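I have placed the structure first, in the form of structure tokens, so that the comments after it can refer back to it.
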Amino acid sequence: MILNLSLLLASLGGFIALALAMEKHCRQLLHRVLSPWWMRALRGFGWLLLAAALALSLGQLGWSIGAAAWFGWLSVAGVVLAFYLPKWPGQREAAKALPRRDKHPATQPSAERLLGLRRAATALLLLVPVVVLGLLLSAAPKPLHGDEAVHGQVGPWSFALAQAERKAPHQVLGTPFKAFEVRFCERCDDQIRAAYLKIRKPRSLRAAGLVFSGERWDRRVEIQIPAKARVSDGLWLTVEGKDGSVHHAAVDIDKVSPELAAYLKGES
């Protein structure tokens, strides 16, 4: 939710800044033209917001999904701004310049009221980039894209494995559980039927642990921590290919989850 809202506001803020950098739209929105310095600053800031939205989308969702999500929210922001600009306060005053009789003159908005509406709407638009920057700075990177993710190779496929949260295992009816996320390369994912995770080396595919579920390039699983498990047992990733092949890869627990390692050592 925070990611989608950030992309929308960043795209909308970028378009607004670019619109204010154009004399026609600046006069339409502010009823005056800004200085050349402000026009250049707004143009640069607008492109910076759009680039920041693209970088955030690619960093959180990957190249394929991230690019599509960025174009999608870019289109939404463009449509919203295109339909809203004609309804900006004061845009129809020119069409009503000719005097005419009105049976209810008291119902006509005063000039002071229109001016107040324009100022309030402009202030809200100028606050959008501030909100966008706050959301971008507060958005935490996904675990799989952080420095703590462990990268490796299981059979012919490369992967990144990370703990879902930097916390010790949580208890469910006295049983400890820990969640992990895995991501395979885009080329690899088309060849994979299922991926499993467990502590201790599996003896067969039936004992490979719990299967990852979720989106195509972002899979998640919550595994049970066995009794008397040790750090030396390791995390074992089992991947079954669509060709029937099965491959295993061991991952050091202390590397992928220091919190789980501390829990197993009795330090938490």
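Structure above, values below:
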quantity: P(r) weight above 17 Å for region 144-264, C-alpha pairs, percent; calculated: 52
quantity: Likely footprinting exposure, HIS151, HIS25, fewest C-beta neighbours within 10 Å first; calculated: HIS151, HIS25
quantity: Contact order normalised by residue count of region 144-264, Cα under 8 Å, 6+ apart, percent; calculated: 28
quantity: Neighbour-count ranking [beta-carbon atoms within 10 angstrom, fewest first] of VAL211, VAL221; calculated: VAL211, VAL221
quantity: Neighbour-count order for TRP47, TRP236, fewest beta carbons within 10 angstrom listed first; calculated: TRP47, TRP236
quantity: Nonlocal Lys pairs with alpha-carbon distance under 24 Å, region 144-264 (8 or more apart, or different chains); calculated: 16
quantity: Low-density loop positions, chymotrypsin sites (Phe, Trp or Tyr not before Pro), region 178-233 - DSSP coil, at most 11 other Cβ in 10 Å; calculated: none
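Every number here is computed from the coordinates shown, using simple stated rules; none is lab data. Keep in mind that this is a model prediction, so the values were computed, not measured. As a convention, Cβ positions derive from the backbone with ideal geometry for all residues, glycine included, and neighbour counts pool all protein chains shown.
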